[in-house]
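What follows is one structure encoded as structure tokens, with my remarks underneath.
The values are calculated or read from the model by the stated rules, or taken from the named source; none is laboratory data. Because the structure is predicted, anything quoted here is derived from the model rather than measured. Neighbour counts are summed over all protein chains in view; Cβ atoms, including those assigned to glycine, are modelled from backbone coordinates with ideal geometry.
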Amino acid sequence: MTAPLRIAMWSGPRNISTAMLRAFGNRPDTAVTDEPLYGYYLRQTGLDHPGREEVIAAQPDDWRTVADTLCGPVPEGRTVWYQKHMSHHLLPEIEPDWLSALCNCFLIRDPREVLASYTQVRETVTLEDTGLPQQAALFDRLFEETGSPPPVLDAKDVLCDPARLLSALCDNVGLIFSGAMLSWPPGPRATDGIWSKYWYSSVTGSTGFVKYKPKQVVLTAELEDLAGQCAPFYERLHAYRLGR
């Protein structure tokens, strides 16, 4: 590992991204940051998310400021910086050059499960809302630039065997795995985004990864069609997942 190691984990919504934030946040050598482009995303898109104005007020209004911060000194002098990102926050006007300073990783989840979960909290969902097209585009760009596939984790695999998959991720990015990543104290964190009160109730009470249980997912015909649109993007990344 070359210090500092800046891990950018690109996920979509309704995944285990916040549990992953907890796992890395429980490492004594790691600083964590929660969705630093969310405020910019909401300002630019005009979308009405819970706590929209609070989120916008809490974060910089220029993506360049965010990028400079994420590529700058690591908080508290830590040697690892885990940055939780939503891939759909990476809007087209955001120039990608700064990403080369990060160790870019990907967290995916079966899109049918994502859609079933997403529609429990929001009435409508689009292909872009899932973040999958953006994930696949970024994955392909990084693959082409480096000649190697960036690391991909599937949520189901992590939940089935957290120790093995987190060890695989650490090995891939040049980090020593720590058992501290497998459990954490319950409660909120100062590093949680200001939106946590709207979205993080289950994670706030958690103490570790919850064992995966197969779900009987029932979708409307419209959502089944959307799941079909998501499938090629998901399968593209799934083919490269760690631990396969």
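Just a few scattered comments:
- From Leu237, Leu223, residue being in contact (Cβ under 8 Å) with a residue 24 or more places away in the chain and touching a Lys or Arg at 6+ places or on another chain (Cβ under 9 Å): Leu223
- Criterion applied to Leu169, Leu159, Leu153, Leu165 was being within 19 Å of Asn26 (Cβ to Cβ), in contact with a Gly (Cβ under 6 Å, 6 or more places away or on another chain) and at pLDDT 95 or above, and the one residue passing it is Leu165.
- Of all residues in the range 39-70, those that are in contact (Cβ under 8 Å) with a residue 60 or more places away in the chain and in contact with a Phe, Trp or Tyr (Cβ under 7 Å, 6 or more places away or on another chain) total 3.
- Candidates are the residues of the range 125-135 that are hydrophobic (A, V, I, L, M, F, W, C) and in contact with a Ser or Thr (Cβ under 9 Å, 6 or more places away or on another chain); the one that is surrounded by the fewest Cβ atoms within 10 Å (Cβ to Cβ) is Val125.
- Inspection of the range 171-183 identifies at least one residue that is exposed (fewer than 15 other Cβ atoms within 10 Å of the Cβ), assigned to a loop (DSSP other than H, G, I, E, B) and not charged (D, E, K, R).
- Screening Arg122, Arg112, Arg141 for residues that are basic (Lys, Arg) and either outside any helix (DSSP H, G or I) or surrounded by 21 or more Cβ atoms within 10 Å (Cβ to Cβ) (or both) leaves exactly one candidate, Arg122.
- Residue within the range 31-43 that is part of a loop (DSSP other than H, G, I, E, B), modelled with pLDDT of 95 or more and touching a Gly at 6+ places or on another chain (Cβ under 7 Å) present: yes
- Pairs, first under 14 Å from Ala227 (Cα atoms) and at pLDDT 95 or above in the range 101-112, second part of a loop (DSSP other than H, G, I, E, B) and not aliphatic (A, V, I, L, M), C-beta under 6 Å, six or more apart: Arg109/Asn15
- Every condition in (1) in a loop (DSSP other than H, G, I, E, B); (2) free of Cβ contacts under 8 Å to residues at least 12 places away in the same chain; (3) under 25 Å from Ala3 (Cα atoms) holds for Pro149 except the one numbered (2).
- Apart from one condition, Pro28 fits all of (1) crowded, with 18+ Cβ neighbours inside 10 Å; (2) in contact (Cβ under 8 Å) with a residue 60 or more places away in the chain; (3) farther than 21 Å from Pro149 by Cβ; (4) out of contact with any Phe, Trp or Tyr (no Cβ under 9 Å at 6 or more places or on another chain); the exception is (1).
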